[in-house]
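Here's the structure, in structure tokens; my notes come after.
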There are 2 protein chains.
Amino acid sequence: MPEDAAPTPPGRPPTHPAPPARPQRQPQPQPPAMRADARRNHDRIVAVAGAVIAEHGAEASLEQIARHAGVGSATLHRHFPTRQALLETVFKGRVEALCAKAQDLLPDPDPAAALITWLRAVGAHAVANRGLGASLMQGARDADPALGSTCHAMIVDAGDALLARARQAHAVRPEVTTTQLLKLVSAIALATEREPDGAAEADRLLSLAIDGVRPR
Amino acid sequence: MPEDAAPTPPGRPPTHPAPPARPQRQPQPQPPAMRADARRNHDRIVAVAGAVIAEHGAEASLEQIARHAGVGSATLHRHFPTRQALLETVFKGRVEALCAKAQDLLPDPDPAAALITWLRAVGAHAVANRGLGASLMQGARDADPALGSTCHAMIVDAGDALLARARQAHAVRPEVTTTQLLKLVSAIALATEREPDGAAEADRLLSLAIDGVRPR
DNA sequence: ACGGTAACCGGAGGGCCACCCCGGTTGTCG
DNA sequence: CGACAACCGGGGTGGCCCTCCGGTTACCGT
């Protein structure tokens, strides 16, 4: 084995992390494809992790996930060197859906309403999939951009477009940033996600934060 | 040992949890005083826990606290059957200070400003003492009122007075509750408490939530 | 002053977890 | 079809939370 510190560390993230179905593509976008069994394990881990996390929250036991997926814990750690990496992969689909929703809302005639609708959707997803909010906020802190904070970057980009339009229409305070809004939504989700009726309470708190504490 | 399930479970909370120095007092407010060594250990654990939690956050290792206090982990668990109980004791002083501040702000001529000032103070304390916010929110979920949710009850009562005055002056939306406001503040603190400059960011987010996203 | 008693202490151990090492296995490519 | 490298996972390490139990010590009555 060459001992140079390649750009991909020993437990390298899968160079081909399973885009669900994309037959049309240039022949070799990424030369070193995964071995078949490796990919199979990877996908099973992601599937099981989604189920377990949905039920037990984001700090579910990694060993339990590995056991339930029928692989050794070492395999899980090889595929996902950190818990955050696993969460990013699991929530990738949800985040992509939210980004798509942002795109759909862009041509809305009322930019403020579009932004607020989207923030509500983000909040709803965050409380529904326990740990998504924490994952997004954690991604905001991760300095290393190469290692997995793609979810955070994606959703910030999507929100930026909506916020820019709303700001241009003077429908939001000019000093507000997308990161702040997402932090607010994530914080509310994180605080309410383990309450009996978290979704409703989260939506109420979000409305309060958007409209302000004072009346009119 | 009698096997009946007495109202106080085996690891009973200290009946005399160390009011720092109060020589003048009726002879027997609480008959079963703690033994001297027990109290000494109790106080040392609280002191050390305050320091460790301030540095490492609310989920610091209990064994580490016990080690650093020079007691066995069993002693810590006997004095504080749950982590929440320890946090409550550690943060009691801070919470009392916040309650006192609420009292001081009650006669303020501007009820809305008084409420907002107080919420800011709560937020500042929550980010400064890592874990206080989480502790307050956790207290809100604890169903058992006898076992330690006194901090939450105290601060809700203090906030209720301020909120009632503000509501009477039509300075806040009538449907807002104290619990919601505290949840909002705690959530923001929780989300920002481990950022490089959390205090400033928390204050900005709190302002945003109070004034609303839309301008004017 | 002193002994008896019960409250209290903390070392040791069990169960669970994240993470890593290394010999055996298996997919892949010439 | 055979060799090689990538990959697997059992087992070990260290840490955590929590509990049991034999030894210790403060307290109180005499």
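Between the C-alpha center of segment A:55-115 and that of segment A:145-216 there is a gap of 18 Å. For the pair B and A, the buried accessible area comes to roughly 3200 Å² in total, with a 1.4 Å probe and the value rounded to the nearest 100.
For B:LYS92, which lysines qualify as cross-link partners when the Cα separation must be under 24 Å and same-chain residues fewer than eight apart are set aside? B:LYS92 reaches B:LYS101, B:LYS183. Each residue was assigned an accessible area with a 1.4 Å probe, and for A:SER61 the value is about 50 Å². Over all orientations, segment A:83-211 has a Cα convex hull whose mean projected area works out to 7.5 square nanometres. What's the long-distance tail for segment B:36-79, i.e. % of Cα pairs beyond 17 Å? Taking all Cα-Cα pairs of segment B:36-79, the fraction more than 17 Å apart is 21 percent.
Normalising the average separation of contacting C-alpha pairs (under 8 angstrom, six or more residues apart) by the number of residues puts the relative contact order of segment A:83-211 at 34 percent.
Please work out the FRET efficiency for the pair B:LYS101 and A:HIS170, using the Cβ-Cβ distance as r and a Förster radius of 35 Å; give the result to the nearest 0.05. Please report the intermediate quantities before stating the final value.
Working: r = 37 Å, r/R0 = 1.06.
After rounding to 0.05, the efficiency reads 0.40.
The values are calculated or read from the model by the stated rules, or taken from the named source; none is laboratory data. If you're wondering where the values come from, they're calculated on a predicted model, not measured in any experiment. Neighbour counts run over all protein chains shown; Cβ positions are idealised from the backbone, glycine included. Each accessible area value is taken on the protein alone, full model and side chains, heavy atoms only, with ligands, DNA and RNA left out. Shrake-Rupley method; radii C 1.70, N 1.55, O 1.52, S 1.80 Å.
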